[in-house]
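One structure below.
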Amino acid sequence: MNIRDLEQEIQDASNVLVLAPLTPTGNQACMELIASASPEETNLAAVTYMQPPNQWIDDWRENIGTLPHETEFIHASGMAESESYDETTPKNVTTAVVDPTDPMEIIVPLSEHLEKWTNDDRQPVVAVQTLTVLLEYIDFDTAFRYLHILTHRVQAAGAVGYYQIDPDVHDPETINTLKTLFDTVVEVSDDGTEWTTMPTYDPDASTGDEATDDEATDDEATDQTTASSGPLSSLATMVSDLFSSDGDASTESTTERTETGSDESTTPETDGESRERTTTETTVPENLADEEMLTDEERIRSLLIQYGGRMKQADITAETSWSKSTVSRKLSKMEEADEITRIQVGRGNLVFLNGSEPEASKSPFEA
């Protein structure tokens, strides 16, 4: 399949997982896919881990030509300040340098770019290069939660997202689990000339090898053990946690049904009714709030990033609707982990992300 045929096949997709090798050929193929819409009619937010923005731009100009109408970089490196990149890129290209170990630092500037382009007639595009490096910095569960939020934001903004990953670096189960987050999966051949679309979930890939009937019979006793480990288990656990997050309410509901003598469970069901109930009980709601996918500490970090790295403790209480004692307890935990600093000002506290503290708050004896 050529790039034009592929463009027609994925035209209704909001988030596309691109299985492409981390080679110059693979990177070029990804750029061709990103540029399948006219660059002049595109606003691009590029999240990069490996290539610095100036090198990415050089490759784009060499392989594609004209840059998108607006290009914004979020460089997950943390090795240099954004100003150093701004000096080597065109005037209309800006760069935010973020910590690759904290995905929420990517979510905030990316959301700002997408919001800025809301009333622009041009197509907003998000390109992430590459998920393979992302998974080197953070654990799989955190990456899955982050990508759930990111793909949701991209879809809500009417944007199109392309997420590159090298399938040769990861085991089939990891790839198979990540596929469930995307609308379409595209695989690029090693030479970058052939494009193939595939299902977003392949049940045969969960184990990596297809077992024969005899092997399946012999291994039947170990199936439960296999199912309880690996990324698919992590996915199941996260989904389970979403529905059991309010355990008291769930218990209360069960108790109420028992007390009222409901015999619903003994009522015969047709196959159709049974399937309908199963789907209703196990499907994750589409309107799941982003905040529900964050830990409490991640939510606080996200708020601090949005407010420039510093907030009043009272404002955190107001934003989260938690009690004062709950906020104080969570902040104490983060302070012990050296994630934040609290400074008493008057009768309240100011909370700073580490690295955002004012110089006057530091000891004159610190190096």
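Counted by neighbouring Cβ atoms within 10 Å, the residues 116, 91 run from fewest to most as 91, 116. Normalised radius of gyration (Cα atoms, divided by 2.2 N^0.38 Å) for segment 3-202: 0.94.
In this structure the amide hydrogen of residue 98, modeled in the peptide plane, comes within under 5 Å of the amide hydrogens of 75, 76, 77, 78, none closer than 5 places in sequence on its chain.
Rounded to whole numbers, the Karplus 3J(HN,Hα) couplings from phi for segment 90-98 are x, 4, 8, 10, 10, 9, 10, 9, 10 Hz, using 6.51 cos²θ - 1.76 cosθ + 1.60 with θ = phi - 60°, and x at Gly and Pro. The calculated FRET efficiency for residue 138 paired with residue 40, based on their beta-carbon distance and R0 = 30 Å, is about 0.25. Each peptide among 171-178, 58-65 gets the average number of other Cβ atoms lying within 10 Å of its residues, and from highest to lowest they stand as 171-178, 58-65.
Counting pairs of Cα atoms in segment 295-361, how many percent are more than 16 Å apart? Summing the P(r) tail past 16 Å for segment 295-361 gives 38 percent. Extension gain, residue 329-residue 91: 0.36 nm per intervening residue step, less the Cα-Cα distance, totals 81.2 nm.
None of the figures in this text is laboratory data; all of them are computed from the coordinates on show. Everything numeric in this text was worked out from a predicted model, so none of it was measured. In this analysis, Cβ positions are derived from the backbone assuming ideal geometry, glycine residues included, and neighbour counts consider all displayed protein chains.
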